[in-house]
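Asks: This structure is in structure tokens; I'll ask about it shortly.
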Amino acid sequence: MKLTIVAATGGIGSQLLVQAVAAGHEATAVVRNPKRLPDASVRVVTADLSAADPSQLRSAVDGADAVLSGLGARSGAEAGVASRGTRALVQAMQATGVRRIVVVSAASVGTVPSPGRPNPPRHNPGDGFFMRHLAAPLAKAAFRRHYVDLALMEDVLRDSDLDWTISRPPRLLNGRVTRKYRTAYEQNVRAGMFISRADVAHHMLDALDHPETIHRTIGIAY
């Protein structure tokens, strides 16, 4: 497949790129700084997704079978990049007729209010007692701006006519691909606390072969 990988130098984006190339896909990497790319052989489109111009991204997505995005803020100061960048991506995809997109969000976002979901559940139905009453509240307090940004990003996708899939992992770790993760549709994985970035990337790529993941939010964890 021809794949466009957004934020291809980030923790999940770089894993998406490595695994896509290893699987024989033709990849285009959308990055802010091409010098940070681990693979110099792929096609590169330079773009700052924090202030992205949809017309600038058209060449990156034109002709792609799918877009995969690891876009997300690395600090509180960068909060907003996921929603703004995804909105520009959606507009570029609509302009070029590309429909399939898989993005990474976060496990706690399902309980974060947004204009599109003003009254989300107080607790994620997949969370146990510890997650509901300790881990999730602490994470939401520490990463409030990040989660609001991701909730807005999810709104952008739901409001679009694209074939989207949202992957929601909990705490991210560095580590190899194990393929031993669990998934849950429309809720978090029960007792799922961690997952490697490599396995999140594997799941996102795997979703492309499964049309039942379209228009679904999927929890993923060990």
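Asks: If you go through region 62-97 one residue at a time, how many are without any contact (Cβ under 8 Å) to a residue 60 or more places away in the chain and not small (G, A, S)?
Replies: Filtering region 62-97 for residues without any contact (Cβ under 8 Å) to a residue 60 or more places away in the chain gives 62, 75, 77-78, 84, 88, 91-92, 95-97.
Of the ones still in play, those that are also not small (G, A, S) are 62, 78, 84, 91, 96.
Number of matching residues: 5.
Asks: Separate question: Is it true that some residue in region 171-181 is at pLDDT 95 or above, at negative phi, within 12 Å of the chain's Cα centre (by Cα) and not in a strand (DSSP E or B)?
Replies: no
Asks: Within region 19-40, can you find the residues that are touching a residue at least 12 places away in the same chain (Cβ under 8 Å) and either touching a Phe, Trp or Tyr at 6+ places or on another chain (Cβ under 7 Å) or not in a strand (DSSP E or B) (or both)? Give the steps one after another, and end with the answer.
Replies: So in region 19-40, the residues touching a residue at least 12 places away in the same chain (Cβ under 8 Å) come out as 19-21, 23, 25-34, 36-39.
Selection gives Q19, A20, V21, A23, H25, R32, N33, P34, R36, L37, P38, D39.
Asks: Any residue that is surrounded by fewer than 18 Cβ atoms within 10 Å (Cβ to Cβ) and either in contact with an Asp or Glu (Cβ under 6 Å, 6 or more places away or on another chain) or touching a residue at least 40 places away in the same chain (Cβ under 8 Å) (or both) - is there at least one of those in region 197-208?
Replies: no
Asks: Next up: Go through region 182-222 residue by residue and tally those that are of a type outside the set (S, T, N, Q) and in a helix (DSSP H, G or I).
Replies: From region 182-222, those of a type outside the set (S, T, N, Q) are 182, 184-186, 189-195, 197-212, 214-216, 218-222; that's our starting set.
Now drop any that are not in a helix (DSSP H, G or I), which leaves 197-207, 211-212.
Result for region 182-222: 13.
Asks: For region 169-188, how many residues are of a type in the set (D, E, K, R), under 18 Å from S14 (Cα atoms) and touching a residue at least 24 places away in the same chain (Cβ under 8 Å)? Outline the logic, then answer.
Replies: Residues of region 169-188 that are of a type in the set (D, E, K, R), as a first pass: 171, 176, 179-180, 182, 186.
When the remaining residues are screened for being under 18 Å from S14 (Cα atoms), the result is 171, 176, 179.
Add one more test, that the residue is touching a residue at least 24 places away in the same chain (Cβ under 8 Å), and what stays is 171.
Looking only at that region, the number is 1.
Asks: Looking at L89, L57, can you tell me which residue is more than 23 Å from V148 (Cβ to Cβ) and either of a type in the set (A, V, I, L, M, F, W, C) or within 19 Å of the chain's Cα centre (by Cα) (or both)? So that I can check it myself, show each step before the final result.
Replies: Values: L89 fails: more than 23 Å from V148 (Cβ to Cβ).
Only one candidate passes the filter, namely L57.
Asks: Please tell me if G10 is in contact (Cβ under 8 Å) with a residue 60 or more places away in the chain and among the small types (G, A, S). Can you show your working first?
Replies: Working: in contact (Cβ under 8 Å) with a residue 60 or more places away in the chain: yes; among the small types (G, A, S): yes.
Considered against the rule, which asks whether it is in contact (Cβ under 8 Å) with a residue 60 or more places away in the chain and among the small types (G, A, S), G10 comes out as yes.
Asks: Filtering region 182-212 down to residues that are modelled with pLDDT of 95 or more and of a type in the set (G, A, S), which residue is nearest to P125 (Cα to Cα)?
Replies: A184
Asks: Determine whether T28 is polar (S, T, N, Q) and in contact with a strand residue (DSSP E or B) (Cβ under 6 Å, 6 or more places away or on another chain). Walk me through how you get there before you give the answer.
Replies: On the way: polar (S, T, N, Q): yes; in contact with a strand residue (DSSP E or B) (Cβ under 6 Å, 6 or more places away or on another chain): yes.
Here the answer is yes, as T28 does meet what is asked.
Asks: Mind checking which residues of region 46-64 are β-branched (V, I, T) and either surrounded by fewer than 13 Cβ atoms within 10 Å (Cβ to Cβ) or at pLDDT below 95 (or both)?
Replies: Listed by number, the list holds a single entry, T46.
Asks: If you don't mind, another one. Among (1) at pLDDT 95 or above; (2) buried (at least 18 other Cβ atoms within 10 Å of the Cβ); (3) over 15 Å from L71 (Cβ atoms), which single condition is E154 missing?
Replies: (3)
Asks: Let me ask something additional. Check V44 against each of (1) outside any helix (DSSP H, G or I); (2) in contact (Cβ under 8 Å) with a residue 60 or more places away in the chain and name the one condition it does not meet.
Replies: (2)
Asks: The conditions are (1) without any contact (Cβ under 8 Å) to a residue 60 or more places away in the chain; (2) surrounded by fewer than 16 Cβ atoms within 10 Å (Cβ to Cβ); (3) hydrophobic (A, V, I, L, M, F, W, C), and A191 fails exactly one of them. Which is it?
Replies: Answer for A191: the failing condition is (1).
The values are calculated or read from the model by the stated rules, or taken from the named source; none is laboratory data. Computed from a predicted structure; not experimentally measured. Reconstructed Cβ throughout: ideal geometry from the backbone, glycine too, with neighbour counts over all protein chains shown.
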